[in-house]
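Each reported figure results from applying straightforward, stated rules to the coordinates on display, with no laboratory input. All values reported here derive from a predicted model rather than from experimental measurement. Here the Cβ positions follow ideal geometry from the backbone for every residue, glycine too, while neighbour counts run over all protein chains shown.
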Amino acid sequence: MSKKIAVLVGSLRKGSYSKQIAKNLMKLFPSDYEAKLVEIGNLPLYSEDIDTPESVPAEYTEFRDQIKDADGVLFVTPEYNRSIPGGLKNAIDVGSRPYGQSAWDKKPAAIVSVSPGAISGFGANHTLRQSLVFLNMPVLQQPEAYIGNVTNILDKDGNVAEGTVGFLQSIVDAYVELLNRY
Ligand SMILES: Cc1cc2nc3c(=O)[nH]c(=O)nc-3n(C[C@H](O)[C@H](O)[C@H](O)COP(=O)(O)O)c2cc1C
């Protein structure tokens, strides 16, 4: 069955390796799936003072609608200081409110952490899981997706080396299986 996947990239950087990995992953979904990047860099820092019916930023509403419209959420993120980048946490907070109307509720998710280093964003990957448990999102458990030494597997056009495509495909296949359970 065709599904819509919202793809959130934790990095706001133009040349982001995480975004390049996200684009490689997006190509590996079944042809009737629609995987779309969702912008998070335009979201004002979350504050309950502005998140009122009178003053809610249009960017919050648009973001929440895009997540609500999706059947699942794929997170591809770097690690910042052994945690997730602030921009991604902000997006999670924006999507989680107003209280009782979380856009994330029950959306199956997959997490891929990306790093030029050897620890592969493990800290970010698991920090993100902590929030997704609270947000009631079933998260892909296996295969765990830690992409380390990322500069070694991307070519100048942003494509992953042939030897890595199979690993990325195994992540997408397992995620599709998870999505089909819901
Ligand atoms: C504020 C900051 C903190 C960082 N902390 C970590 C870290 O904890 N672990 C890690 O592997 N890399 C860390 N890095 C390096 C990033 O992995 C690297 O900049 C990476 O390219 C960012 O992902 P992107 O290419 O998708 O933008 C940090 C980078 C920044 C800017």
With axes computed from alpha carbons, what is the tilt in degrees of helix 58-69 against the longest principal axis of the chain, rounded to the nearest 10 within 0 to 90? 60
Full-extension gain in nm, THR52 to ASP69, via 0.36 nm per residue minus C-alpha separation: 3.9 nm
For the residue pair ARG181 and SER83, what label-to-label distance in nm results when each label sits 7 Å from Cα along the Cα-to-beta-carbon direction? 3.0
The relative contact order of the stretch 1-136, taking Cα pairs under 8 Å that sit 6 or more residues apart, comes to a percentage of 29
Go through 46-54, 1-9 and give me the packing order, highest mean Cβ count within 10 Å leading. 1-9, 46-54
Run the quick spin-label model on GLU59 and PHE134: label points 7 Å from Cα toward the beta carbon, then report their separation in nm to one decimal. 2.2
Under the Karplus relation with 6.51, -1.76 and 1.60 and θ = phi - 60°, whole-Hz ³J(HN,Hα) for the stretch 80-92, x at Gly and Pro, equal 10, 6, 6, 9, 8, x, x, x, 6, 5, 4, 4, 4
Could you tell me the calculated FRET efficiency between ALA118 and ASN90, based on Cβ-Cβ distance and R0 = 30 angstrom, to the nearest 0.05? 0.60
If you fit an axis through the alpha-carbon atoms of helix 122-134 and take the longest principal axis of the Cα set of the chain, what angle between them do you get, 0 to 90°, nearest 10? 40
The stretch 3-179: antiparallel bridges as % of DSSP beta bridges, rounded to 5, reads 10
Heads up, the chain by the C-alpha gyration tensor (a ≥ b ≥ c square roots of eigenvalues; a/c under 1.5 rounded, else a/b over b/c prolate, else oblate) looks prolate
Would you mind checking which residues have amide H under 5 Å from ASP71's amide H? H placed 1.01 Å from N; only 5 or more apart, or other chain. LYS4, ILE5, ALA6
Contour excess over end-to-end distance, with Cα ends at ASN152 and ARG97 and 0.36 nm allotted per residue: 15.9 nm
With runs of 4+ DSSP H residues as the only contributors, calculate the mean residue ellipticity of the chain at 222 nm using -39,500 (n - 2.57) per run, divided by the residue total and rounded to the nearest 500. -11000 deg cm²/dmol
Pairs of Lys in the stretch 59-182 closer than 19 Å at Cα, counting only those 8 or more apart or on different chains: 5
Checked the stretch 117-179 with the C-alpha gyration tensor, a ≥ b ≥ c its square-rooted eigenvalues, rounded below a/c of 1.5, otherwise prolate if a/b is larger than b/c and oblate if not; verdict oblate
